[in-house]
Amino acid sequence: MNKKNPVFSFLSSVKLALFTLFLLAVTSIIGTVIPQKESMDWYIHNYSETTARLFQVLSIPDMYNSWWFLGLLSLLSINLIVCSIDRFPGVWKQIKADNLATDLKRLQKMRLSASWRSDKTEEVLAAELTSKLAASGWKAEQRKRDNSLLLFAQKGAMTRTGVYIVHASILVIFIGAIIGEIYGFKGSIMLPETKATNFIYQFGSGDRLELGFTIQCDHFDIEFYDSGMPKAYRSKLTVFEDGKEILKKAIVVNDPLTYKGITFYQSSYQGYDDFVLTITSQQTGVSETVILPFQQQQTLGSLNNTKIGIINAQAMGQTLKTMKVWFKDDLGPASTFWLNAGEQATVERPDGKYTIAGKQMYATGLQVAKDPGVWVVYLGCGMMILGLFVAFFMSHRRIWLLLTREEGKINVLVSGSANKNKAGFEKIFTTLATELEADTK
């Protein structure tokens, strides 16, 4: 008997798998409790200088990219591969085994067995048993064995591979994560209303990343509770490429915009002291949107050189409630009126009517992510669900029927086995044996 290589035995051991999984679970808890990718000053302020330096040495601030965490993942991957190489050939041998060559004495010793005698000929009895098994979903084969005829049927032979599907799924998930880490990125941008950007800032390093297209925040809406706390907020975004409008979407939390594999998530907002006003001529339909600092006027060139400004405002906490608008042209004295945030008013001037809408100016906080490996990860998750279902809820079930002529009659011995859920299979076997005996006796 060949002795296994000790290194191979170590790498294929279940103990190694359990130990590695335990370390990964513990370190993942640490990475969840301790915020990742913050600045050194942040860790010094929230912990201590000594602790922060220890974190730096152990790569805790970027734990999931640290050499030791990646080493644990690599060790687990090697363990899964070596374990599968070591054990799968034996499993495959069981799947492809010639069950019609089974030792006949072994059939008589099986825990699940039943027998009866029949007056029918061997050929007729074999044909009836094959037909009855087929009606129950069992496809039988047969072979002449000495003075006996052996029939065999099985279900779920491939269910023995369930655990190896799980092994493969973990490796596929790791591959997807590696693809995302190498070719993907995560970042953010604070984008003011009416402004556009073609870049973001990468998390952690703060490096500028080019998007390859332009995204603009057309409008930002926010709703507040009566207490002044934010209730809901959304951003209306437009994607431009080569100067052409490609895509428009209003995003909210958990409903992002995705373009060219890059996803923009609504994550935060920031209020400004400036105001966004939209003035529309009811006669011509011409509209102009301006950003106004407090108590400064601006000339609207597209609307007969009219002028507009905010001369007063009222707020609740950080929330603008109403603003006092100053609006003037060259044909009369200025019009002043109060305008509630988010609403509009009609102003009559000698040269026509204007609709004016205004609100506080905001910037939308966008988290931006590109992960080309996400579909590989999803594939791995699907494989894992399949593998776990097969491993825990399905079994390899086998039935043998041995027909032997004794004293002018055919003695029928039916035996069965299952590699899992033996109690459940025992019920199935008992029912099937009873039906076969009743139909062929």
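Observations
- Selection count where residues are surrounded by 11 or more Cβ atoms within 10 Å (Cβ to Cβ) and out of contact with any Phe, Trp or Tyr (no Cβ under 7 Å at 6 or more places or on another chain), scope segment 19-33: 7
- Flag for Q56 being under 29 Å from G156 (Cβ atoms) and either modelled with pLDDT of 95 or more or assigned to a helix (DSSP H, G or I) (or both): no
- A single entry from G261, G301 fulfils the requirement of being at pLDDT below 90, loosely packed, with under 15 Cβ neighbours inside 10 Å, under 51 Å from the mean Cα position of the chain (by Cα) and within 25 Å of C217 (Cβ to Cβ): G301.
- Among the residues of segment 121-133, the ones that are surrounded by fewer than 17 Cβ atoms within 10 Å (Cβ to Cβ) and touching a strand residue (DSSP E or B) at 6+ places or on another chain (Cβ under 7 Å) come to 1 in all.
- Hits in segment 225-235 (condition: surrounded by fewer than 17 Cβ atoms within 10 Å (Cβ to Cβ) and either in a strand (DSSP E or B) or at pLDDT 80 or above (or both)): P230, K231, A232
- When restricted to residues that are surrounded by 13 or more Cβ atoms within 10 Å (Cβ to Cβ) and either within 25 Å of the chain's Cα centre (by Cα) or among the aliphatic types (A, V, I, L, M) (or both), segment 236-258 contains 11.
- The set of residues from segment 259-275 being within 18 Å of E210 (Cβ to Cβ) and of a type outside the set (K, R) comprises Y259, G261, I262, T263, F264.
- The residue of segment 268-283 that is farthest from the chain's Cα centre (by Cα), among those that are of a type in the set (S, T, Y) and farther than 14 Å from P192 by Cα, is S281.
- Among (1) surrounded by 15 or more Cβ atoms within 10 Å (Cβ to Cβ); (2) assigned to a strand (DSSP E or B); (3) under 26 Å from the mean Cα position of the chain (by Cα), the one test that Q216 misses: (3)
- Here L151 fits the description: touching a residue at least 40 places away in the same chain (Cβ under 8 Å), among the aliphatic types (A, V, I, L, M) and crowded, with 17+ Cβ neighbours inside 10 Å.
- Residue in segment 9-45 that is modelled with the lowest pLDDT, counting only those that are not in a helix (DSSP H, G or I) and not acidic (D, E): K37
- Segments classed as strands (runs of 3 or more DSSP E), wholly inside segment 101-208, with at least 3 members that are charged (D, E, K, R) and closer than 30 Å to T430 by Cα: 140-145
- The listed residue being in the same structural domain as N305 (by TED's automatic domain parsing), of a type in the set (F, W, Y), touching a strand residue (DSSP E or B) at 6+ places or on another chain (Cβ under 7 Å) and under 21 Å from L292 (Cα atoms), out of Y201, Y272: Y272
- Tally, over segment 70-100, of residues that are among the basic types (K, R), touching a helix residue (DSSP H, G or I) at 6+ places or on another chain (Cβ under 9 Å) and in a helix (DSSP H, G or I): 1
The values are calculated or read from the model by the stated rules, or taken from the named source; none is laboratory data. Computed from a predicted model, the values in this text were never measured in an experiment. Neighbour counts run over all protein chains shown; Cβ positions are idealised from the backbone, glycine included.
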